[in-house]
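Each remark here refers to the structure printed beneath this line.
None of the figures in this text is laboratory data; all of them are computed from the coordinates on show. As the structure is a computational prediction, the values presented were derived from the model and not from experiment. Virtual Cβ from ideal backbone geometry, glycine too; neighbours counted across all protein chains shown.
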Amino acid sequence: MFTGKGGVGKTTCAAATALHHASRGEPTLAISTDATPSLTHIFESEDDNVPPSLSIIEIGEREVRQMWDAKFGREVYEVFSAFVDISYEEFVEFITSVLPGLGEEFMLDYIREKSLAGTYQNIIWDTAPLGQTLSLLEMPALLGEHLRMAPRVYSRLKLGRHSREPVLDILKRWEMLSATNVDFLRNEVHFTMVTIPEALAVAQLESVFQELGRYGLAVKRIIVNNVVMSPDSEFLRTKARQQEQYLKHIRAKYGNLMIIELPMFPQEVRGPQKLGEVQKILIQGGL
Ligand SMILES: Nc1ncnc2c1ncn2[C@@H]1O[C@H](COP(=O)(O)OP(=O)(O)OP(=O)(O)O)[C@@H](O)[C@H]1O
Ligand SMILES: [Mg+2]
């Protein structure tokens with residue numbers, strides 16, 4: 001999983017890593033959970049194609065609703081519609097918007113199922129900017145809490161001729177699903193933090209590490225992107241000097257992690273050829 005604040009190069013690094021594996025013939029899935037994904041876009045190029053072993057999936061709101069449908073939708077609706085007059089579509093819209101973290105939960109569950117199916121040798125996960133991703137990480141736990149409370153609430157509901165047992169069963173299943181997803185995050189997912197050598201990005205690192213730590217999630221690697229490597233103008237020398245203090249800070253503070261520094265390129269990184277340059281540096285750096 002590639003995580004980090006907005007615009008630091010998560011999608012670029014995820015795409016380059018996915019390309020590396022796929023170009024060796026390994027079945028690889030590049031998957032984005034960003035509501036406004038750019039993963040497909042970054043692979044697009046006029047002069048080169050992505051290898052056939054690479055699959056790309058972008059999951060957005062629509063897909064999340066389909067997952068809800070497949071897993072719980074109808075069953076829960078049947079019970080609720082016994083005492084609330086609501087159409088199925090309205091019900092799904094309501095439930096996916098009010099329940100804490102439902103969307104995130106299903107995205108995570110989707111990735112876990114892909115991993116379990118064993119179709120892919122590598123799953124490279126490109127995430128939305130930090131705020132959204134942190135809520136993705138904490139939601140299974142929050143949802144878990146909600147679900148533990150829920151039986152008390154739902155057991156007081158007057159469900160008329162409908163038994164409350166199906167609802168309690170569903171909640172139980174759901175709680176288990178949440179716990180399974182948290183375990184998956186803890187044990188199967190390797191976190192790579194992408195950042196840039198600038199004040200705000202570096203300041204945020206610390207709180208993000210703490211936040212992740214609270215859920216027992218450990219970051220394995222840091223990619224520092226947009227580093228000015230060969231400053232041959234006054235403009236770039238000034239930039240490089242400014243970056244140097246933040247690079248020093250990162251090297252000193254996170255010396256126990258793998259740190260890879262990625263140069264700032266003069267052109268945007270798009271298409272397999274350009275991604276290939278990024279890929280080489282990431283792999284040489286130990287990714
Ligand atoms: N090392 C680099 N040198 C030059 N341009 C870069 C570099 N890394 C990324 N870019 C460019 O910066 C832009 C943002 O990169 P990218 O989309 O990978 O960031 P992101 O962290 O995924 O952004 P978001 O938070 O919006 O998802 C893109 O246009 C990309 O081509
Ligand atoms: Mg992105």
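Neighbours of G285, meaning other residues whose beta-carbon lies under 14 angstrom from its beta-carbon, give a summed charge of +2 when Lys and Arg score +1 and Asp and Glu score -1. Our estimate of slack between Q284 and S230, defined as 0.36 nm per intervening residue step minus the Cα-Cα distance, is 17.6 nm.
Annotation: peptides 117-125, 7-15, ranked by per-residue average of other Cβ atoms within 10 Å with the highest first, follow the order 7-15, 117-125.
Against the compact-protein benchmark of 2.2 N^0.38 Å, the Cα-based radius of gyration of region 213-282 scales to 1.31. Ordering of 197-205, 44-52 by packing is 197-205, 44-52, highest average first (other Cβ atoms within 10 Å, averaged per residue).
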